[in-house]
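S.K.: Could you have a look at this structure, given as structure tokens, before my questions?
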Amino acid sequence: MNKLSNIIFLGGGGHSLSCCDVLNQNKNFNLIGFIDANKNALLSESGYEWLGSDNNMQEAIEKYKNIFISIGHKKTANKRVFLYEKSKKISGGFPILKSNFSYISPTAFIEEGSLIMHGAVINEKVHISKNCIINSNSVIVYGVTIGNHVHIAPSATILGDLKIGDECFIGAGAIIREGVTIGKRTVIKAR
């Protein structure tokens, strides 16, 4: 039996529950606990240990090495970007969390810290950059390039040969037509 790698979450709110579900379902990591300003955050209700606030982040990262940013894209990606950059300076490792109930083409390329949720479909020659969220039942068709810190919400459909800039948010159920370029920090509302 393989020994699981220990990991900590940065964030203990609602999005962390979804991250935890993927983590527990694929059994690649052992979640030690979480860093959050609120020690009674939702993840604590599931029995995970509160490891402190952002002030304790450096110590926890140095101890456990593997970290995952488990907060969603709230109005902007600023908090996710901040946590990623701060953690990177401490030398934290950012695994990719992929649901066993997703489909990822062997020609797709996914970078560190990204989350692929249940039911997501990622087709041929898709490039997903760092610290992205590809949420439940979203579909990304061929030849798409997704920038850093992007959140693709549930059931969004991203058609072929397009580019999505860094820190964008694509809302639930949105359909993005093929061949377009979406500029940095664009927010596309839910359909």
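S.K.: No solvent, one uniform scatterer per C-alpha: report log10 I(q)/I(0) for the range 74-125 via the Debye equation at q = 0.17, 0.23, 0.30 1/Å, two decimals.
M.R.: The Debye formula, applied to the Cα set alone, gives -0.67, -0.92, -1.08.
S.K.: Another question, then. Based on Cα positions only, what radius of gyration and what Dmax would you give for the chain, in angstroms?
M.R.: 16.0, 47
S.K.: If you rank CYS132, CYS168 by fewest surrounding Cβ atoms within 10 Å, what's the result?
M.R.: CYS168, CYS132
S.K.: For GLU45 paired with GLU112, estimate the spin-label separation in nm (one decimal), with each label point 7 Å from Cα along the Cα-to-Cβ line.
M.R.: Rounded to a tenth, the inter-label distance reads 3.3 nm.
S.K.: Before rounding to the nearest 500, sum -39500 (n - 2.57) across all DSSP H runs of length at least 4 in the chain and divide by the residue total; then give [θ] at 222 nm in deg cm²/dmol.
M.R.: The per-residue figure over the chain is -5500 deg cm²/dmol.
S.K.: What is the sum of charges around ILE8, taking Lys and Arg as +1, Asp and Glu as -1, for the other residues whose C-beta is under 10 Å from the C-beta of ILE8?
M.R.: Once positives and negatives cancel, what remains is +1.
S.K.: Length gain on complete extension for the stretch LYS184 to LYS163, per 0.36 nm per residue less the alpha carbon to alpha carbon distance?
M.R.: Additional length available on full extension: 6.6 nm.
S.K.: Calculate the all-directions average of the projected area of the range 96-191's alpha-carbon convex hull, and give it in nm².
M.R.: In nm², the orientation-averaged hull projection of the range 96-191 is 4.5.
S.K.: List, in the order given, every pair from LYS75/LYS163; LYS27/LYS88; LYS63/LYS163 whose Cα-Cα distance in the structure shown is over 31 Å.
M.R.: The answer is LYS63/LYS163.
S.K.: At a 10 Å Cβ-Cβ cut-off, how would you order ARG177, ARG80, fewest neighbours first?
M.R.: Arranged by neighbour count, lowest to highest, ARG177, ARG80 become ARG177, ARG80.
S.K.: How long, wide and thick is the range 5-89, going by the Cα atoms along their three principal axes, in whole angstroms, largest first?
M.R.: If we take the Cα atoms of the range 5-89, the spans are 29, 28, 23 Å.
S.K.: How long is the range 39-132 along each principal axis, judged by its Cα atoms, biggest number first, in Å?
M.R.: The principal-axis extents, from largest down, are 41, 30, 28 Å.
S.K.: Using a 10 Å cut-off around each Cβ, can you sort TYR142, TYR84, TYR48 from fewest to most neighbouring Cβ atoms?
M.R.: Ascending number of Cβ neighbours within 10 Å: TYR142, TYR48, TYR84.
Bear in mind that the values in this text are calculations on the coordinates, not laboratory data. The model shown is predicted, which means the values in this text are computed figures rather than measured ones. Every residue, glycine as well, gets a Cβ built from its backbone with ideal geometry; the counts of neighbours run over all protein chains shown.
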